[in-house]
Amino acid sequence: IASVPVITCLLMCLVTVTTPFWHMFYVLKQQTNKSERSKVLIRQSLMRLCTQLNVPLFFLVIPCLIYFIQFEIRCFPFRVPLLAMFIVPLHPIIHNLVLLFIMP
């Protein structure tokens, strides 16, 4: 019961981070007054920003979410949350590599 607020907070973090991007891509698709070249450049910029925000999400929030769900309801094998916590230290390395690859 103690980790239910933590799980809720982590899920809200997932929703909060991803929802604005869904909206921005939708609005960009609906706009008709911009040139195709502008749309392509804005879309590329949004993809880069989305990638920069999703790397910490995947390497910090999701392993913590797996850990706390396992702690609360014991739905994964014992070693799954343990392995998920070993992913967290990879965050700085992966984030820097992703930044190198997505920037022109």
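The values are calculated or read from the model by the stated rules, or taken from the named source; none is laboratory data. Worth saying up front: this structure is predicted, and the values here are computed from it rather than measured. When we count neighbours, we look across all protein chains shown, and the Cβ atoms used for this are built from the backbone with ideal geometry, even at glycine. What goes into the accessible areas is simple: the full protein's heavy atoms, side chains included, and nothing from ligands, DNA or RNA. Shrake-Rupley method; radii C 1.70, N 1.55, O 1.52, S 1.80 Å.
Observations on the model:
- Of all residues making up segment 78-91, the number that are open to solvent by 70 Å² or more (accessible area, probe 1.4 Å) and closer than 20 Å to Gln52 by Cα: 2
Residue-wise test of (1) over 13 Å from the mean Cα position of the chain (by Cα); (2) acidic (Asp, Glu); (3) within 19 Å of Ser3 (Cβ to Cβ).
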residue	(1), (2), (3)
Tyr26	yes, no, no
Leu41	yes, no, no
Met47	no, no, no
Leu53	no, no, no
Cys64	no, no, yes
Phe71	yes, no, yes
Met85	yes, no, yes
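- Taking each residue of segment 73-98 that is touching a residue at least 12 places away in the same chain (Cβ under 8 Å) and looking for partners that are open to solvent by 90 Å² or more (accessible area, probe 1.4 Å) and in a helix (DSSP H, G or I) with beta-carbon atoms closer than 8 Å, six or more apart or interchain, yields Pro81/Tyr67; Pro81/Phe71; Ala84/Tyr67; Met85/Tyr67.
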